[in-house]
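All remarks here apply to the structure that follows.
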Amino acid sequence: MNNSKAIQVSGLTKYYGDLLAVDHISFEVPQGQVFGFLGPNGAGKTTTIRMLTGLTRPTEGNACVLGYDLATEITRIKKAIGVVPETSNLYDELSAWDNLVFMGQLYGVPRQERGERADALLRRFRLWEKRNTPFAKLSKGMKRALTVAAALVHCPQLVFLDEPTTGLDILSARSLRALIGQLRQEGVTVFLTTHYLEEAERLCDQIALIVKGRLVALDTVEGLKARVWGRATVEVTVGPSAEERLRFTAEDVVTALRLALAEAEQQRRPVLSVRTVGPTLEDAFIELTGLSAEVMLMEKGNQ
Ligand SMILES: Nc1ncnc2c1ncn2[C@@H]1O[C@H](COP(=O)(O)OP(=O)(O)O)[C@@H](O)[C@H]1O
Ligand SMILES: [Mg+2]
């Protein structure tokens, strides 16, 4: 087993009855990376996390997490990792501090260290003033922050975060992203699922694109973008009052520009400015998955 890999996955598969939720995926996550698992709702992201963290058993395939075999050493894996589930696993009636101490107990943090750890995490997450507040009474952003704090109580080397910023206000989401950056600096490996292209682009060393349970691509942001180079994107800003940007991608700049100008003309709107833009992660996503970027914004139940 190669120890520089935090996670090694081979042929991991999950059926729910007839539904193939995760379809023979294989990938490796090097230690110390922020690894993005990016895909629309229902793609199989949570199911993958649930398998890798021992919450549900794979139908086929196996994985190695922090050097431990998923099939036979799940207890060791569970002790070594931190998990931030989609829905918080903390207790509504316990205070912020008590939740952290309790979690420390579950993870086997020595009794005398639990309180100190809880104090340090509450300060780090700017929740010190809320230390005596029951979890249920915290704001959404604070709840998420405390849930992340709880996953770090035993100083894990690998943390799974399932859509940590979904549903958060801009400021809370921003501070959580900053924290993910800090974890990376501390050498912690982060497995992050998200359906936000921009978040993945900003945070991740590598991105796995997952659609309908299948791994469509795995590369760095630059690597993914490079796959759509050779195509040109032109952006025209149209007016007159409510400015709007129209983007067109074609095989070459001239064709893209013609398309953009034709659209502006058809809308009878004056062109205020024109620029060529390099491929975005969104362009790469569209090209590699055949889906529209709007698919990512669909919430559960609208698919
Ligand atoms: N416990 C379950 N029982 C049956 N189907 C499930 C269950 N959990 C998830 N699914 C289905 O598996 C697919 C993948 O779901 P999920 O892993 O939650 O996707 P994501 O996290 O990417 O939104 C979806 O079609 C979902 O409806
Ligand atoms: Mg999910």
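Every read-out reported here was derived from the displayed coordinates using simple, explicitly stated rules and does not represent laboratory data. Computed from a prediction, not measured in an experiment: that's the story for all the values here. All Cβ positions, glycine included, derive from the backbone under ideal geometry; neighbour counts span all protein chains shown.
Please name all residue pairs, on different chains or six or more residues apart, with Cβ atoms under 6 Å, provided the first residue is in the stretch 202-215 and is surrounded by fewer than 21 Cβ atoms within 10 Å (Cβ to Cβ) and the second residue is β-branched (Val, Ile, Thr) and part of a loop (DSSP other than H, G, I, E, B).
Listed pairs, sorted by first residue: 206/220.
Return the residues of the stretch 122-159 that are of a type outside the set (A, V, I, L, M, F, W, C) and part of a helix (DSSP H, G or I); say none if nothing qualifies.
Residues of the stretch 122-159 that are of a type outside the set (A, V, I, L, M, F, W, C), as a first pass: 123-124, 126, 129-134, 137, 139-141, 143-144, 147, 154, 156-157.
123, 124, 129, 130, 137, 140, 141, 143, 144, 147, listed by residue number.
Is the stretch 11-23 home to any residue that is touching a Leu at 6+ places or on another chain (Cβ under 8 Å), in a strand (DSSP E or B) and more than 16 Å from ligand 1 (Cβ to nearest atom)?
No, because not a single residue in the stretch 11-23 is touching a Leu at 6+ places or on another chain (Cβ under 8 Å), in a strand (DSSP E or B) and more than 16 Å from ligand 1 (Cβ to nearest atom).
Mind checking which pairs have a first residue in the stretch 243-261 that is without any contact (Cβ under 8 Å) to a residue 60 or more places away in the chain and a second that is of a type in the set (Lys, Arg), Cβ under 7 Å, 6 or more apart or different chains?
Partner pairs satisfying both residue conditions: 249/231; 250/231; 251/231.
Somewhere in the stretch 220-228, is a residue surrounded by fewer than 18 Cβ atoms within 10 Å (Cβ to Cβ), more than 30 Å from residue 271 (Cα to Cα), acidic (Asp, Glu) and in contact (Cβ under 8 Å) with a residue 40 or more places away in the chain?
No - not one qualifying residue is present in the stretch 220-228.
Can you find a residue in the stretch 40-58 that is away from ligand 1 (no atom under 12 Å from the Cβ), in a strand (DSSP E or B) and within 19 Å of residue 157 (Cβ to Cβ)?
For the stretch 40-58, residues away from ligand 1 (no atom under 12 Å from the Cβ), in a strand (DSSP E or B) and within 19 Å of residue 157 (Cβ to Cβ): absent.
Within the stretch 191-208, can you find the residues that are within 13 Å of ligand 1 (Cβ to nearest atom), more than 11 Å from residue 161 (Cβ to Cβ) and not in a loop (DSSP other than H, G, I, E, B)?
Result: 208, single match.
If residue 182 satisfies every condition in (1) within 14 Å of the chain's Cα centre (by Cα); (2) in a helix (DSSP H, G or I) but one, which is the exception?
In the conditions (1) within 14 Å of the chain's Cα centre (by Cα); (2) in a helix (DSSP H, G or I), residue 182 misses (1) alone.
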